[in-house]
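One structure below.
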Amino acid sequence: MVRDIDIKTALDQNNIQWIDVRSPGEFLTATIPGAINVPLFNNEERARVGTVYKQKGREEAIQLGMELVSPKIPELVRQVRESSRDRTPLFFCWRGGMRSQAMATFQDLMQLPALRLTGGYRAYRQYITSHLEHGRLQSKLIVLHGLTGVGKTAVLHGLEKCGAPVLDLEGMAGHRGSAFGDLGEIQPHNQRTFDSLLFHKLERLKNEPYIFMEAESKRIGRVQMPPFLVRAKEEGIPVLLEASLSSRVQQILDTYLEGPEDPESFRGHVIGAISRIERKLSPDKRKQLYRLAEERDYGPLVQILLQSYYDPLYRHSQNRYQEKIRYRVISDDIKEAVAACHNLWLRLKKEKPAPSSV
């Protein structure tokens, strides 16, 4: 039995498996978190059907689609069964049209339950966009500040492992939030993927009185935070993390060189990142940085970048937060910093619950 449900009802379902029946190319561009791709057409087939639709009309396109799909029906049903296991498959395509209808029909022919998303991914995207545009955060943010390399992201990851609520915006963006933020094994996300990850994370944390977040700028790589989250960050509880210069250099080397891409390609990306900020450096520093990059001598390179570029930039942008900072965590040890922040979170929870934010 096939049942159509709207996006609000679908998001309240617990025992479902999202099945994205769009082409692999569409799926890679953006999808619903947790969805599995069981495409009705591959990329080439989708292009062929679209061309026929434009040139010859709907009926001819449907006929071609039937010819392409018919031999694949048993395999499609098998993939859905294996992907769903003991959950009900919820099919969606771009607009909730014929592709999801076809897959739901195959399921129904096997006398298996199936759900179909009304309006498809487009309706989901509109729902997410509307909620983020008019969002309101009930939790109070605990915002981690600190010079580049103090380990803010590492502390967030440690806090999450300890069970504290965390918004890892750089992880959602697939970017480390700087000119060098796309170096190493990291996959940048587009705005649609970021919005989806953020929405679902906020839904899971909506009953938390306090949530940890790094003091990000509005733009993180290719994406932007929604306005309500920017306001919540500015009204949050600032916590300043501090560490020695040598510790910060090592933290950056550990972060960016952990399982890096091909060394030659990585060197090229470092040079490219230097070129994006070279106008803000003195001629002597530029020359020195390029030489160190060519020699792959990244320790001194990182130290120069911190002292000549990132630290002055950070101090300028953070002046407005200095008077608000009530808590400082000083440590070269990430585990110690995590423990200190975790204890702060526990103390705040024991106090009067956080008031509604923005």
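Read-outs throughout are calculated quantities, based only on the coordinates presented, and are distinct from any laboratory measurement. Bear in mind the structure is a predicted one, so any value in this text is a computation, not a measurement. Because the Cβ atoms are built from the backbone with ideal geometry, glycine has one as well, and the counts that use them run over all protein chains shown.
Projecting the Cα positions of Leu306, Ser244, Pro227 onto the charge dipole of the range 207-320 (unit charges on Cβ atoms of Lys, Arg, Asp and Glu, taken about the Cα centre) puts Pro227 furthest along the positive direction. Using 17 Å as the cut-off for backbone N distance, which residues of the range 106-120 belong to the label zone defined by a point 7 Å from the Cα of Ser70 along Cα→Cβ? The answer is 106, whose backbone nitrogens lie closer than 17 Å to the label point. Which pairs in the list Lys201/Lys335; Lys152/Lys201; Lys8/Lys350 are over 27 Å apart, alpha-carbon to alpha-carbon? Long pairs (Cα-Cα over 27 Å): Lys8/Lys350.
Max-minus-min Cα coordinates of the chain on each principal axis give 67, 55, 31 Å, with the largest extent listed first. Taking the range 139-158 and a reference point 7 angstrom along Cα→Cβ of Lys349, the backbone N atoms nearer than 16 Å belong to 139-142, 158. Each Cα pair under 8 Å and six or more residues apart adds its sequence gap; the mean of these over the residue count of the chain is a relative contact order of 19 percent. Max-minus-min Cα coordinates of the range 140-249 on each principal axis give 39, 29, 25 Å, with the largest extent listed first. What Kirkwood hydrodynamic radius do you get for the range 1-100 when you take the inverse of the mean 1/r over all pairs of distinct Cα atoms, in Å? Computed over Cα pairs of the range 1-100, the Kirkwood hydrodynamic radius comes out at 14.4 Å. Each listed q (0.22, 0.24, 0.27, 0.30 Å⁻¹) maps to a log10 I(q)/I(0) for the range 88-142, found by the Debye formula over equal Cα scatterers with no solvent: -0.78, -0.85, -0.97, -1.07. With respect to the chain, whose longest principal axis is taken over its alpha-carbon atoms, helix 43-56 is tilted by about 60°. With the cut-off at under 16 Å, measuring from each backbone N in the range 85-125 to a point 7 Å along the Cα-to-Cβ line of Lys56 picks out no residue. For the chain, the longest principal axis of the C-alpha atoms and the axis of helix 245-256 are separated by about 20°.
A straight line joining the Cα centroids of the range 1-64 and the range 83-117 runs 10 Å.
Over all distinct Cα-Cα pairs of the range 273-337, the Kirkwood formula returns a hydrodynamic radius of 14.0 Å. Relative to the longest principal axis of the C-alpha atoms of the chain, give the angle of the C-alpha long axis of helix 283-294, reported between 0 and 90° and rounded to the nearest 10°. Tilt relative to the chain: about 60 degrees. Each peptide among 204-211, 233-240 gets the average number of other Cβ atoms lying within 10 Å of its residues, and from highest to lowest they stand as 233-240, 204-211.
Working note: 222 nm ellipticity from helices only, DSSP H runs with n ≥ 4, each -39,500 (n - 2.57), summed and divided by the residues of the chain, gives -15500 deg cm²/dmol to the nearest 500.
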